[in-house]
1. Every residue in region 51-77 that is modelled with pLDDT under 90 and β-branched (V, I, T), please.
2. Might you let me know whether region 12-21 holds any residue that is within 23 Å of S81 (Cα to Cα) and either β-branched (V, I, T) or modelled with pLDDT of 90 or more (or both)?
3. Looking at Y84, Y48, can you tell me which residue is within 18 Å of C1 (Cβ to Cβ), among the hydroxyl-bearing types (S, T, Y), open to solvent by 80 Å² or more (accessible area, probe 1.4 Å) and in contact (Cβ under 8 Å) with a residue 12 or more places away in the chain?
4. Of all residues being surrounded by fewer than 17 Cβ atoms within 10 Å (Cβ to Cβ) and touching a Leu at 6+ places or on another chain (Cβ under 9 Å) in region 24-37, which is modelled with the highest pLDDT? Just the residue, please.
5. If I filter region 102-127 down to residues being in contact with a strand residue (DSSP E or B) (Cβ under 6 Å, 6 or more places away or on another chain) and in contact (Cβ under 8 Å) with a residue 40 or more places away in the chain, which single residue comes out as surrounded by the most Cβ atoms within 10 Å (Cβ to Cβ)?
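The values are calculated or read from the model by the stated rules, or taken from the named source; none is laboratory data. Predicted model, so just to flag it, every value in this text is computed and none were measured. Here the Cβ is made from the backbone with ideal geometry for all residues, glycine too, and neighbour counts use every protein chain on show. Note: areas computed on protein heavy atoms with side chains; ligands, DNA, RNA excluded. Shrake-Rupley method; radii C 1.70, N 1.55, O 1.52, S 1.80 Å.
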Amino acid sequence: CYYDVNHRLVISKIKEGKVIATNVLSRANNIWDSHNNIISTIHNGRIYVTGNVHNDKLKVFVLSVNNFRLEKTIENEELTSITYPRFIKDDNELKIIFRNGKSGNGAFYFSSLESDNMSNLKKLFNN
């Protein structure tokens, strides 16, 4: 996973030193700073990727490990001010933790990534 010259989030599959597949996952966001890290993990035959979020909508891209195709995008329309996403595995279930809201006026949440819209949000604490 990397950002291309246009700041788009890209994932490439490399075999024997050659790029054999590439997917552009998202467009550049309006803010380009140190918050725009890339988080990825592999879980149950799928690649989960998120990134390019600093007070933005959260999107989690899910690709197949086998054919490297985008299977789905997990998002929740109510989550519009996300920063600091991290994947965690809990009892073999993949979850995501993140802050929703602005610095000093937000809260940290976690959600299972088993649903397509992160509808099972659990608030952890305010910041």
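1. V53
2. Checking region 12-21: not a single residue is within 23 Å of S81 (Cα to Cα) and either β-branched (V, I, T) or modelled with pLDDT of 90 or more (or both).
3. Y84
4. Step by step, filter region 24-37, then rank; the result is V24.
5. Among those residues, the one meeting the criterion is M118.
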